[in-house]
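Chemist: Before I ask anything, here is the structure I am working with.
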Amino acid sequence: MKEIQTIVQISSIINSSLDIKDVLRSSMLLVEELMEAEACSIFELDKENNELFFCLARHDPFHNTSKMRIKIGEGIAGCVASTGEVVVVPDTKNDDRFNSMVDSATGFQTRSIIAVPIKSKGCILGVLQALNCKKVASLDKKKLEVLLIVSDQVGIAMENARLYGRLKEKFALTQAELKETQKKLIRSERLAAMGQLCHGIAHEVRNPVMSIGGLVKRLEKKLPAGHEAGKYIGIILQETARLEKMVTDVEQYTALPAPKLQQKKLSELVNDAVDDWRNSQYEIEAEVKVESMQDDPEILIDMEMMKKALVHVLSNAQESMTKKGVITISAWWEGKWLVVSVRDEGSGIEHEDLPRVIEPFVSSKMQGAGLGLPFVNQIVAGHGGEIKIYSTPDVGTDVRLCFPANNTSFSAA
């Protein structure tokens with residue numbers, strides 16, 4: 001009757017809590033009562049290192065065993081873990097397998113041991129030991145059978161705890177991913193609202209700016225040569241031209257059309273973009289080095305839009321270098337992503353500024369509206385990709401355009 005009551009109580013304990021320590025502690029109290037033992041201990045198996053470690057040791061109130069490890073095959077517990085068989089040791093002094101290391105650490109004197117494997121779905125998870133039980137020599141078989149049932153129940157609890165731990169980790173990861181996605185969504189909505197506002201402002205500003213420029217040019221023609229007002233008119237025209245360019249940049253950024261996708265070889269995109277960039281520069285000091293991929297994949301892109309994006313990145317790289325340097329273009333596969341990298345040897349970007357460089361109107365340049373990298377980011381995002389930027393001040397910047405594998409296909413180089 002007592003044996004049945006123990007099984008029912010163990011089942012109830014295991015189903016009542018997900019806190020494995022509480023479950024094991026309560027279970028061990030029942031085992032001690034059932035087996036008339038002075039103490040109990042539970043070892044858990046570390047499969048990776050092929051070792052046992054103490055999960056719970058009720059004979060060790062000061063937790064001296066917390067860092068102890070026992071190799072599989074060593075000591076009584078190690079033998080049980082190795083063979084999966086029950087071991088009963090009526091007198092530890094007469095058993096060569098007994099390891100007194102634990103007794104030395106805890107001050108507990110182990111005279112006898114009943115050790116059974118803890119299993120779940122046929123796999124050994126650990127070892128349960130009942131220490132210094134009464135009537136070990138004439139052990140009741142029914143009690144031993146109940147002890148095995150209890151150890152199986154403990155195995156279920158340990159497996160449930162592992163599953164619960166993995167679920168918690170996955171949930172924490174999912175929460176982090178959800179938080180990051182939420183941040184991206186908020187940023188996207190904020191940028192969309194800003195884009196609409198800027199488009200309206202740019203439309204309203206364009207006509208007055210053009211009118212000012214036109215009137216100032218007419219005024220310049222009426223001024224006599226050498227008039228002192230000429231220098232002021234020159235400044236006005238220069239600033240008006242800058243405003244016109246900013247308006248054009250804003251309109252280009254806020255009215256970006258949907259990409260017209262075609263399969264193009266990566267090498268064709270890179271080479272055409274480098275040619276377009278060279279043709280757009282008045283003076284080029286940088287050397288461009290293109291490292292070709294062993295496989296020349298085809299990529300599903302809007303060729304004109306993506307060339308503009310690469311030209312922007314190359315222009316930024318050139319402007320960041322105060323002296324002649326090397327711009328390296330390379331590409332590789334990173335998991336399911338095709339990465340196209342443009343790496344320069346320029347002044348770099350401060351670490352705290354990196355998260356904001358793809359936001360509009362954030363720029364360290366004297367000219368322009370700070371829409372270069374946001375423009376690139378918008379184009380890449382329109383292709384289902386993303387932009388990543390790595391930079392070290394006074395060393396250089398690496399701008400990576402990442403495209404999902406489902407936008408690409410392999411072809412012979």
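The values are calculated or read from the model by the stated rules, or taken from the named source; none is laboratory data. Fair warning: this is a prediction, and the values are worked out from it, not measured in the lab. For neighbour counting, all protein chains shown are included, and Cβ atoms are generated from backbone atoms with ideal geometry for every residue, glycine included.
Chemist: So which pairs qualify, if the first residue must be in the range 153-164 and without any contact (Cβ under 8 Å) to a residue 60 or more places away in the chain, the second must be crowded, with 16+ Cβ neighbours inside 10 Å, the Cβ gap must be under 6 Å, and the two must be at least 6 apart or on different chains?
Modeler: From the range 153-164, the pairs are 155/118; 155/119; 155/120; 155/125; 159/120.
Chemist: Taking the conditions exactly as written (of a type in the set (Lys, Arg), modelled with pLDDT under 90, out of contact with any Pro (no Cβ under 7 Å at 6 or more places or on another chain) and surrounded by fewer than 20 Cβ atoms within 10 Å (Cβ to Cβ)), does residue 2 satisfy them or not? Before the answer, list the steps.
Modeler: Working: of a type in the set (Lys, Arg): yes; modelled with pLDDT under 90: yes; out of contact with any Pro (no Cβ under 7 Å at 6 or more places or on another chain): yes; surrounded by fewer than 20 Cβ atoms within 10 Å (Cβ to Cβ): yes.
So residue 2 fits the description; yes.
Chemist: Of all residues in the range 318-369, how many are under 24 Å from residue 245 (Cβ atoms) and either modelled with pLDDT under 85 or not in a strand (DSSP E or B) (or both)?
Modeler: Total satisfying the criteria: 24.
Chemist: Scan the range 92-106 and give yes if some residue there is more than 21 Å from residue 153 (Cα to Cα), hydrophobic (A, V, I, L, M, F, W, C) and part of a strand (DSSP E or B), otherwise no.
Modeler: Taking the range 92-106 and keeping what is more than 21 Å from residue 153 (Cα to Cα), we get 92-106.
Next cut, hydrophobic (A, V, I, L, M, F, W, C) only: 98, 101-102, 105.
Subset that is part of a strand (DSSP E or B): none.
Checked against the condition, which is being more than 21 Å from residue 153 (Cα to Cα), hydrophobic (A, V, I, L, M, F, W, C) and part of a strand (DSSP E or B), the range 92-106 yields no hits at all.
Chemist: Related question: Collect the residues in the range 97-125 that are loosely packed, with under 13 Cβ neighbours inside 10 Å, hydroxyl-bearing (Ser, Thr, Tyr) and farther than 19 Å from residue 73 by Cα, keeping them in residue-number order.
Modeler: Scanning the range 97-125 gives a single hit, 104.
Chemist: Exactly one of (1) hydrophobic (A, V, I, L, M, F, W, C); (2) buried (at least 16 other Cβ atoms within 10 Å of the Cβ); (3) modelled with pLDDT of 75 or more is unmet by residue 198. Its number?
Modeler: Only one criterion is unmet by residue 198, namely (3).
Chemist: Restricting the search to the range 257-295, which residues are in a loop (DSSP other than H, G, I, E, B) and either touching a strand residue (DSSP E or B) at 6+ places or on another chain (Cβ under 9 Å) or at pLDDT 85 or above (or both)? Before you say what the answer is, go through the steps one by one.
Modeler: Here is the first cut: in the range 257-295, the residues in a loop (DSSP other than H, G, I, E, B) are 257-261, 281-286, 291-295.
Across the range 257-295, the qualifying residues are 259, 260, 261, 286, 291, 292, 293, 295.
Chemist: Residue under question is residue 79, and the condition is that it be more than 37 Å from the chain's Cα centre (by Cα), part of a strand (DSSP E or B) and assigned by TED's automatic domain parsing to the domain that holds residue 134; does it hold? Spell out how you get there, then give the answer.
Modeler: Numbers: more than 37 Å from the chain's Cα centre (by Cα): yes; part of a strand (DSSP E or B): no; assigned by TED's automatic domain parsing to the domain that holds residue 134: yes.
So residue 79 fails the test.
Chemist: Output the residue which, of all residues in the range 202-220 that are modelled with pLDDT under 80 and loosely packed, with under 13 Cβ neighbours inside 10 Å, is nearest to residue 241 (Cα to Cα).
Modeler: 207
Chemist: Return the pair list, or none, for Cβ contacts closer than 7 Å from residues in the range 333-359 that are farther than 19 Å from residue 292 by Cα and in the same structural domain as residue 310 (by TED's automatic domain parsing) to residues that are assigned to a strand (DSSP E or B) and among the polar types (S, T, N, Q), at least 6 apart or on different chains.
Modeler: These pairs meet every condition: 346/397; 348/391; 348/392; 348/397; 349/391; 349/397; 354/391.
Chemist: Could you please find all residues in the range 37-96 being β-branched (Val, Ile, Thr) and either surrounded by fewer than 19 Cβ atoms within 10 Å (Cβ to Cβ) or farther than 24 Å from residue 140 by Cα (or both)?
Modeler: Just the residues of the range 37-96 that are β-branched (Val, Ile, Thr), to begin with: 42, 65, 70, 72, 76, 80, 83, 86-89, 92.
Passing the criteria: 65, 70, 72, 83, 86, 87, 88.
Chemist: Determine if the range 24-36 includes at least one residue that is part of a loop (DSSP other than H, G, I, E, B) and surrounded by 13 or more Cβ atoms within 10 Å (Cβ to Cβ). Spell out the reasoning first.
Modeler: Narrowing the range 24-36 to residues part of a loop (DSSP other than H, G, I, E, B): 36.
Narrowing further to those that are surrounded by 13 or more Cβ atoms within 10 Å (Cβ to Cβ): 36.
Yes, that holds for at least one residue.
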